[in-house]
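Colleague: Please read through the structure below; I'll follow up with questions.
The values are calculated or read from the model by the stated rules, or taken from the named source; none is laboratory data. Bear in mind the structure is a predicted one, so any value in this text is a computation, not a measurement. Every residue, glycine as well, gets a Cβ built from its backbone with ideal geometry; the counts of neighbours run over all protein chains shown.
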Amino acid sequence: MKLVLFDIDQTILHSGGAGERALTLALRERFGREETLDNIEIAGKTDVWIAHRIFEAHGIEPHPENVAKFLDGYIEHLRRELGRNEGRLLPGFPEILEALARLPNVAVGLLTGNLRRGAELKLGHYGVLDYFRFGAFADDSHERNLLGPFARKRAIEAHGTDFPDGDIYVIGDTPHDIACAKAIHARSVGVATGRYSRAALEAAGADYVFDDLSDVEGVIRRLMIADL
């Protein structure tokens with residue numbers, strides 16, 4: 001079997017800024033601080049890592065109670081902001097998820113920097129949550145490169161079989177996703193639908209790079225998953 005692990009933001013969907021807005025609202029509500037996020041790296045990072053960087057910028061002690069307080073506020077605001085921002089599924093979705101679901105030798109999961117609750121809210125809002133039975137999230141580790149083994153372990157539990165390194169594909173829009181794939185010796189698939197160009201993803205060492213995933217049949221065949 002093949003294992004295909006998707007990033008969420010700027011790979012599957014664009015939330016229209018709902019996530020960033022929820023972060024700033026949570027910081028204001030829970031800690032009385034204002035933040036534009038201009039100097040905080042968001043793309044490809046985990047929600048917990050982002051929380052620590054925001055705390056560092058504002059001199060807030062990053063002990064577990066403060067982090068939980070902030071992230072709980074983020075989730076509350078995210079739930080509301082998703083309905084207030086004009087987000088969308090990116091090209092190729094949900095079609096590529098439908099195509100992969102029809103293939104008996106392919107398992108599909110998530111490898112994302114989102115908290116599990118945030119991932120479920122985003123994917124549910126855009127109608128694609130049911131395609132994913134398992135995944136790895138920011139709840140598992142604040143370091144993106146440590147998430148791969150969690151996703152692989154849950155894939156094994158869900159499907160009752162292991163997945164050789166060469167049969168695991170990590171699909172994302174940032175060099176951090178490429179690095180995360182390489183950390184577990186998986187095949188890295190860059191998609192230039194976020195802030196990083198095709199050239200930047202190639203320079204990061206992606207095994208495959210696509211402008212987007214709109215050519216569903218072409219993408220799947222190129223990845224050598226299966227013929228449709």
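Colleague: Could you check the range 23-60 and list, in sequence order, the residues that are of a type in the set (A, V, I, L, M, F, W, C) and either farther than 30 Å from SER188 by Cα or assigned to a loop (DSSP other than H, G, I, E, B) (or both)?
Modeller: The answer is LEU25, ALA26, LEU27, PHE31, LEU37, ILE40, ILE42, ALA43, PHE55, ALA57, ILE60.
Colleague: Among what's in the range 189-201 and is under 19 Å from ASP215 (Cα atoms) and surrounded by fewer than 24 Cβ atoms within 10 Å (Cβ to Cβ), pick the residue that is modelled with the lowest pLDDT.
Modeller: So, considering only residues that are under 19 Å from ASP215 (Cα atoms) and surrounded by fewer than 24 Cβ atoms within 10 Å (Cβ to Cβ), the one modelled with the lowest pLDDT is GLY194.
Colleague: Among the numbered criteria (1) over 27 Å from GLY148 (Cα atoms); (2) in contact (Cβ under 8 Å) with a residue 60 or more places away in the chain; (3) aromatic (Phe, Trp, Tyr), which single criterion is violated by PHE31?
Modeller: Failing condition for PHE31: (2).
Colleague: Quick one: would you say GLY194 is under 13 Å from the mean Cα position of the chain (by Cα), in a loop (DSSP other than H, G, I, E, B) and in contact (Cβ under 8 Å) with a residue 12 or more places away in the chain?
Modeller: In short, yes.
Colleague: Further, regarding this structure: Confirm whether HIS142 is out of contact with any Cys (no Cβ under 9 Å at 6 or more places or on another chain) and at pLDDT below 95.
Modeller: Values: out of contact with any Cys (no Cβ under 9 Å at 6 or more places or on another chain): yes; at pLDDT below 95: yes.
Answer is yes for this residue.
Colleague: On to the next question. Please enumerate the residues belonging to the range 34-47 that are more than 15 Å from THR112 (Cα to Cα) and either of a type in the set (Ser, Thr, Tyr) or modelled with pLDDT of 90 or more (or both).
Modeller: Across the range 34-47, the qualifying residue is only THR36.
Colleague: Now for a different question. Please specify each residue of the range 166-187 satisfying the condition of being of a type in the set (Ser, Thr, Tyr) and under 14 Å from ILE220 (Cα atoms). Outline the logic, then answer.
Modeller: First, pick out the residues of the range 166-187 that are of a type in the set (Ser, Thr, Tyr): 169, 174.
Within the range 166-187, TYR169 is the sole residue that qualifies.
Colleague: Now for a separate question. Could you look through the range 34-48, keep only residues that are under 20 Å from the mean Cα position of the chain (by Cα) and surrounded by fewer than 19 Cβ atoms within 10 Å (Cβ to Cβ), and pick out the one that is farthest from GLY148 (Cα to Cα)?
Modeller: LEU37
Colleague: Right, something else. Might you check whether a residue that is farther than 18 Å from THR112 by Cα, at pLDDT 95 or above and in contact with a helix residue (DSSP H, G or I) (Cβ under 6 Å, 6 or more places away or on another chain) occurs anywhere in the range 151-159?
Modeller: No, the range 151-159 contains no residue that is farther than 18 Å from THR112 by Cα, at pLDDT 95 or above and in contact with a helix residue (DSSP H, G or I) (Cβ under 6 Å, 6 or more places away or on another chain).
Colleague: Mind telling me which of the residues LEU3, LEU78, LEU100 ends up being part of a helix (DSSP H, G or I), in contact with a strand residue (DSSP E or B) (Cβ under 9 Å, 6 or more places away or on another chain) and either in contact (Cβ under 8 Å) with a residue 60 or more places away in the chain or among the aromatic types (Phe, Trp, Tyr) (or both)?
Modeller: LEU100
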